[in-house]
Amino acid sequence: MKLVFMGTPEFAVGFLETLHVSRHQVALVVTQPDKPKGRGQKLAAPPVKEKAQELGYPVAQPVSLKDPAFHDLIRAQHADLLVVVAYRILPDTLFPLARFGAVNVHGSLLPKFRGAAPVQWAVAAGEAETGVTVFQLDREIDHGGVLARAATPIGGEETSGDLFLRLSALGKEVLMKALDDLEAGRAQPEPQDHGKSSPAPKLKKEDGKLDWNQPAHVLHNRIRAFNPYPIGYATAAGSGRVLRIHAARIEPAPSGSMAVYDAVKIGITISPDVEIVPAGTVRYSPDRFPIVATGNGWLRLLEVQWEGKPRVSGPDFVNGLQPLEREGLRLS
């Protein structure tokens with residue numbers, strides 16, 4: 001089939017490469033305009049543009065997808081299909097310009113996690129599995145009929161960055177199946193159950209803020225979900241310094257300490273020599289990792305980073321603290 005490929009970030013590059021070596025023909029690549037980047041604010045091309053030029057494809061970078069000139073350009077391709085991977089919301093006036101309309105590759109098992117960040121919100125929600133869905137685009141966001149899908153489990157320590165890599169590989173297989181079905185005339189779009197939809201909005205930096213009153217498993221999921229962006233973070237009480245938390249794991253309570261939530265559980269008898277600590281209190285393991293009390297349970301911080309400083313292991317972080325700072329450290 002003759003295709004117009006639409007995508008922008010690194011995640012979309014692998015899909016373009018897969019189409020390049022397939023029997024299908026990519027007639028045009030559409031991506032976002034170049035944007036200023038870095039301290040010098042020099043214009044930088046999106047990853048998809050760089051790859052398209054390397055592969056020898058013509059590239060369009062429309063500012064407005066409603067521009068009549070852009071519609072004319074798409075119409076002139078006489079394409080069978082528009083293939084969209086991590087691009088923008090398309091106006092429905094583009095769909096009739098290709099024989100089979102447009103399909104999108106989405107990183108969830110639709111209708112769950114509709115929106116710009118399905119991978120991250122699936123991890124944050126503690127989902128046991130997710131997957132990739134290829135569906136027909138219509139006037140509503142992530143709403144059209146499903147052409148193909150595949151599921152995969154989410155590892156208990158897996159970050160969104162890890163999962164993106166696996167979903168990219170899985171998504172290429174699912175996309176090729178959908179293209180084969182369309183080309184052979186056997187595609188039968190399956191309507192989504194819209195009553196089971198859930199949102200996956202675009203991530204903001206503020207989403208990484210950790211609330212230590214939440215249970216340890218919730219915080220653990222959010223730290224995994226927001227790696228590599230926006231990275232979970234906390235503030236050191238008193239100094240106001242921001243601590244970014246790249247990796248953590250759920251930990252048994254340190255000897256001699258008990259979190260406030262645990263201490264008030266019915267049926268627990270508390271010895272007078274056990275320290276009761278509020279959420280956000282930092283204690284230290286024998287191997288010098290920081291361990292933080294949460295609303296229910298404890299988290300061991302494996303890799304952290306003071307804002308503006310290098311990323312370090314838990315023990316290196318502890319070794320870098322001044323004695324008084326280490327003794328009174330509390331996160332909020």
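The values are calculated or read from the model by the stated rules, or taken from the named source; none is laboratory data. Here the structure is a predicted model, which means the values were calculated and not measured. A quick note on method: Cβ atoms are made from the backbone with ideal geometry, for glycine too, and the neighbour counts reach across all protein chains shown.
Quick test for you: out of G126, G171, pick the one residue that is in contact (Cβ under 8 Å) with a residue 60 or more places away in the chain and over 23 Å from V218 (Cα atoms).
Among G126, G171, only G171 is in contact (Cβ under 8 Å) with a residue 60 or more places away in the chain and over 23 Å from V218 (Cα atoms).
For the range 49-66, check the following and say yes or no: at least one residue is touching a Gly at 6+ places or on another chain (Cβ under 8 Å) and not acidic (D, E).
No: zero hits.
Return the pair list, or none, for Cβ contacts closer than 6 Å from residues in the range 283-296 that are under 16 Å from I223 (Cα atoms) to residues that are part of a loop (DSSP other than H, G, I, E, B), at least 6 apart or on different chains.
I291/P254; I291/S285; A293/A279; T294/W212; T294/A279; G295/N213; G295/Q214; G295/A279
Residues in the range 295-308 that are in a loop (DSSP other than H, G, I, E, B) and within 24 Å of the chain's Cα centre (by Cα): how many?
The total comes to 2.
In the range 222-235, is there at least one residue being of a type outside the set (A, V, I, L, M), modelled with pLDDT under 95 and not assigned by TED's automatic domain parsing to the domain that holds H143?
Within the range 222-235, not a single residue is of a type outside the set (A, V, I, L, M), modelled with pLDDT under 95 and not assigned by TED's automatic domain parsing to the domain that holds H143.
Quick check: anything in the range 160-171 modelled with pLDDT of 95 or more, in contact with a Phe, Trp or Tyr (Cβ under 9 Å, 6 or more places away or on another chain) and part of a loop (DSSP other than H, G, I, E, B)?
no
Scan the range 28-74 for residues that are of a type in the set (K, R), within 24 Å of E17 (Cα to Cα) and modelled with pLDDT of 95 or more and jot them down.
Once the filter is applied, which keeps residues that are of a type in the set (K, R), within 24 Å of E17 (Cα to Cα) and modelled with pLDDT of 95 or more, the range 28-74 yields K49, K51.
Out of (1) part of a strand (DSSP E or B); (2) within 18 Å of the chain's Cα centre (by Cα); (3) surrounded by 15 or more Cβ atoms within 10 Å (Cβ to Cβ), the odd one out for N221 is which?
Failed condition: (1).
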